[in-house]
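Read through the structure below, which is laid out as structure tokens, and then see the notes.
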Amino acid sequence: MQYQSTRDKTQKVSASQAILQGLSAEGGLFVPEQLPKLSEPMLECMIGQDYIQRAQTILEGFLTDFSPEEIESCLKGAYHVQKFSGPQIAPLARLGENAYLLELWHGPTCAFKDMALQLLPRLMTVAAQKSGDGKEIVILVATSGDTGKAALEGFCDVPGIRIVVFYPEEGVSLLQKLQMATQEGENVFVAAIHGNFDDAQSGVKKLFCDPQTIQMLQKQNRVFSSANSINWGRLLPQIVYYVSAYCDLVRDEQIALGDPINVCVPTGNFGNILAAYYAKQMGLPIRKLICASNKNNVLTDFIQTGVYDRNRPFYATTSPSMDILISSNLERLLFHLMDEDDAAVRDLMEGLKTNGRYTVSQQVLNRLQADFDGGYCDEAETAATIKRLFDTYSYLCDTHTAVAVSVYESYLSRTGDDTKTVIASTANPFKFPHAVLSALGAEAQDADEFEVARKLEELSGNEMPEQLAGLREKPVRFTESFAKDRMNDALAKALQNV
Ligand SMILES: *Cc1c(COP(=O)(O)O)cnc(C)c1O
């Protein structure tokens, strides 16, 4: 199977090239030319299987230039019981009559990014062996928190790859900073930047295109690649858990094979919910995809009106991984909804770049609304939902998950659609101890996040995961910070002494 660019369909590459390149040369995103089908007999067969076996079936359909043995070895390394807190990988927790939380945070960094970033480095290594030019891959990441740590953990000590992570010095929580600064591994480097996330992000983009930097890399027999969520290798692993959740529901006799479900996803860059859309297009019985946003509700407006407009205030919320006004992966959905019209996609993206907005046709809007519903939830409602879930079900959820639960509940009362619904739960609550503790009505002003977490343990009866609690004792390895226009110094430092 070939992959084509959303902005120029004549650009076609293999699966391994799509994963290695990340982005097409003209700026488009790679999408599969056709989708493998998931038939009912295939689903029936998967019901008795474990997560890795289910993933094997799905990945084989997409990674046609990988051998089944290569895929199996990647999967077994990524979803190892020593990395995830149990063999279930992505378990479901029941929430009342019709809803289930799909817990995607049992991996090494306690956020759903692990689901993809444990697998991507392994896929990349195999892909690099296929291209066979022997170059070392240098991954650059700009992070506002969760992605950086999950990428460091995924790429740590992977042969043939180095990783450099840039984070805004004042823009991440103490826990997130410690997670990154204590990272082990011989091939990792972490740099704080004096600036905000956008500075780090544009600095990385500059390095990617800087002729001098590229020349330096060439001399060293190295090449850049990217691990951010527009890489097809990050979307693909996310399709698996929606299929797996459906199989679990059938296995546990919550639904019958063939019954439709709804899926509700707390959304930022539109990657996670797009994976659910692909699962639906492949044949998984999904009725509605419910797109949940926080106060940065650009997607809610888009789904309701067909106008995407990023010219609006930006809010820093308690669900920071959803504080995004440009949802990059939406481009892939537009490509599919517009009958793969690459020129039209190019026009919309040009409009977004120059005017910060675009409008889709009535026909595209109708198609969008046939598959998607959207809603958003403000800060007070996010906190109230955390408290309500804890009081009603003794279930402690994080802020991102709370946004999704709240949007699902409004959807249910607005539409009366009581189809069984899988709600993506994207982070462990102990990653955001201040916001969660104060949502429960307790004093959360202590500066020390470990102290706040201890209070949260006491109040909730839940335990802080060892990966987070253990950070307190881990030696800090990376303390350097760089001016935002000196990120090349950080890179040079990361690449020396090899
Ligand atoms: C990244 C992230 C999201 C948003 O996912 P997208 O794929 O960007 O839509 C939601 N919740 C958490 C905790 C995240 O880390």
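What is the P(r) of the range 263-350, as percent of Cα-Cα pairs per 5 Å bin from 0?
3, 14, 22, 26, 19, 12, 4, 1
Tell me, in nm to one decimal, what length is gained between K219 and A442 on full extension, where the rule is 0.36 nm per residue of separation less the Cα-Cα distance?
In short, 74.6 nm is gained.
Please give the Cα centre distance for the range 270-340 versus the range 16-92, rounded to the nearest Å.
With the range 270-340 and the range 16-92 each reduced to a Cα centre, they are spaced 22 Å.
Please list, ordered by chain and number, the residues whose modelled amide H lies under 5 Å from the amide H of V138; skip anything fewer than 5 residues away on the same chain.
Under 5 Å from the amide H of V138 lie the amide H atoms of R162, V223, F224, S225, each far enough along the sequence or on another chain.
Could you work out the relative contact order of the range 367-495, using alpha carbon pairs under 8 angstrom and six or more residues apart, expressed as a whole percent? If you can, show how the numbers build up before the last one.
Details: 111 pairs, mean separation 24.5, N = 129.
That works out to 19 percent.
Need one number: the % of Cα-Cα pairs in the range 391-498 sitting beyond the 22 Å mark.
Values: 3124 of 5778 pairs.
Considering the range 391-498, 54 percent of its Cα-Cα pairs are separated by more than 22 Å.
For K455, which aspartates and glutamates qualify as cross-link partners when the Cα separation must be under 20 Å and same-chain residues fewer than eight apart are set aside?
K455 reaches D391, D398, E443, D446, E463, E466, E473.
For the range 348-408 and the range 201-252, what is the separation of their C-alpha centers, rounded to whole Å?
Cα centroid to Cα centroid, the span is 24 Å.
Among the listed pairs K206/K431; K219/K484; K206/K474; K9/K37, give every one whose C-alpha distance is greater than 28 Å.
Where the Cα-Cα span goes over 28 Å, the pairs concerned are K206/K431; K206/K474.
Within 10 Å, Cβ to Cβ, of R472, how many net charges do the neighbouring residues add up to if Lys/Arg are +1 and Asp/Glu are -1?
Its environment carries a net charge of -2.
With a cut-off of 8 Å between alpha carbons and a minimum separation of six or more residues, what is the relative contact order of the chain in percent?
Answer for the chain is 18 percent.
Given C-alpha coordinates of the range 110-174, what is the ratio Rg to Rh with the Kirkwood estimate of Rh?
Details: Rg = 12.9 Å, Rh = 12.6 Å.
Value, to two decimals: 1.02.
If you take the square roots of the eigenvalues of the alpha-carbon gyration tensor of the chain and sort them as a ≥ b ≥ c, do you get rounded (a/c under 1.5), prolate (a/b over b/c) or oblate?
The shape class here is rounded.
Mind pulling the per residue volume of the convex hull built on the Cα atoms of the range 329-462? Å³ is fine.
Measuring per residue, one finds 157 Å³ for the Cα hull of the range 329-462.
Which trypsin sites (Lys or Arg not before Pro) in the range 8-86 sit in a loop by DSSP (not H, G, I, E or B) and have at most 15 other Cβ atoms within 10 Å of their own Cβ?
Listed in order of number, the matching sites are K37.
Read-outs throughout are calculated quantities, based only on the coordinates presented, and are distinct from any laboratory measurement. Because the structure is a prediction, the values reported are computed rather than measured. When we count neighbours, we look across all protein chains shown, and the Cβ atoms used for this are built from the backbone with ideal geometry, even at glycine.
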